[in-house]
Every structure is written in structure tokens, then in C-alpha cells.
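Report on one structure; see the data block that follows.
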Amino acid sequence: MTTLKLPARGSCQCGNVTYQVVEQPLTTVCCHCLDCQKLSTSSFSVSMILNRSGLEILSGDLKQWDRPAASGNITRCWFCPTCGNRIYHDNPEAPETVRLKPGTLDDTSVLSPQGHVWTCREQPWHSGFNELPRIEGQPDYAAAIQAIRDGGSPF
């Protein structure tokens, strides 16, 4: 279970929008729907479900964009108009909760998702994801590309 030291602060990438979480999350999930894959440019997106009263915007104005979700609901997306970083989503039909994008928290080390949703859309390569080689810092991409061109491995 994700447990936050409250208040837990966060911001968008440019720092224009800041917020704090003032209540413990209801749950944290990894969503594999196609919309979340596009949003995260990865195989899933993490969402922290909060009571609306648990999220306070401290600075900046958020821009809103509504889109239909695969579930048939409307997803209202709230993001920084300067850098475009999503802060949270909500559903106008369920105004009591929000889905914070917890990668925007200042301390993401406390995240502990409780489950996966929309697994019917999970990428087939995701099951072996944790077995891939790992580099602790910035890779030397020029050397890696040269190694591939020479028929070797970049790792």
C-alpha cells in the first residue's frame, strides 16, 4: 500500500503548477489501457486514486481537456499549460475522486501500486521487462550505437 508522509508535495516538470496531497491515497494502480500507454509513452501509467478533498493545488492554473475513455466514461485531464505535464484526471460523473499522476510527486520512492488494470491491453513484452540488462546512469549512446553497428551488444 502506498503510504505518504503528509503533506506530500508535487509539481509539473516546469514547476509552474505545485500541489500537495493532504490525505492518504485510496489505492495506487498501474493502468495498461491504450490511452495510458500513449500518455506515458510506455507500457502503462501509474494512477493514485485520492478523495478530491485530498488534493490541493498550491500554485499555477491548470488547463483541462476532456476525452472519451475506452470504458465509456469521460476522462477529464488536468495539466500544466506551460509544459503539458499531466497532474491528475477525473470523471465528471464521479466528482468525489481524482486520479493523481504520482510521477509528479517530489518523492516517488514511496509508490507501491496495489494492482494492474486493463491487463487485456498489457504489452506482451512486459512479462520479461525486469529481466532486461540495467545501467545505473546515463548510457553512452554513441558507444552503444557503434557496438550495434559492429554486430555486438550495446550492454
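The values are calculated or read from the model by the stated rules, or taken from the named source; none is laboratory data. All of these numbers come straight from a predicted model, not from anything done at the bench. Every residue, glycine among them, receives a Cβ derived from its backbone with ideal geometry; neighbour counts consider all protein chains shown. With ligands, DNA and RNA removed, areas are computed over all heavy atoms of the protein, side chains included. Shrake-Rupley method; radii C 1.70, N 1.55, O 1.52, S 1.80 Å.
Residue check: His126 meets all listed conditions (1) touching a strand residue (DSSP E or B) at 6+ places or on another chain (Cβ under 9 Å); (2) not in a loop (DSSP other than H, G, I, E, B) but one, namely (1). Here Cys83 clears all of (1) open to solvent by less than 70 Å² (accessible area, probe 1.4 Å); (2) outside any loop (DSSP other than H, G, I, E, B) except the condition numbered (2).
The residue list Arg121, Arg149 contains one member that is of a type in the set (Lys, Arg) and within 17 Å of Ser42 (Cα to Cα), which is Arg121.
Determine, yes or no, whether Lys5 is open to solvent by 70 Å² or more (accessible area, probe 1.4 Å), of a type in the set (Lys, Arg) and either without any contact (Cβ under 8 Å) to a residue 60 or more places away in the chain or outside any loop (DSSP other than H, G, I, E, B) (or both). Answer is no for this residue.
Matching residues to (1) among the hydrophobic types (A, V, I, L, M, F, W, C); (2) under 20 Å from Val29 (Cβ atoms); (3) touching a helix residue (DSSP H, G or I) at 6+ places or on another chain (Cβ under 7 Å):
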{"position": "Asp66", "(1), (2), (3)": "no, no, no"}
{"position": "Val117", "(1), (2), (3)": "yes, yes, no"}
{"position": "Glu131", "(1), (2), (3)": "no, no, no"}
{"position": "Phe155", "(1), (2), (3)": "yes, no, no"}
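Among the residues of the stretch 41-59, those identified as touching a residue at least 24 places away in the same chain (Cβ under 8 Å), more than 10 Å from Cys30 (Cβ to Cβ), surrounded by fewer than 22 Cβ atoms within 10 Å (Cβ to Cβ) and not aliphatic (A, V, I, L, M) are Asn51, Arg52, Ser53, Glu56, Ser59. The set of residues from the stretch 106-150 being open to solvent by 70 Å² or more (accessible area, probe 1.4 Å) and either on the phi > 0 side of the Ramachandran plot or of a type in the set (S, T, N, Q) (or both) comprises Ser109, Gln114, Trp118, Thr119, Ser127, Asn130, Gln138, Gln146.
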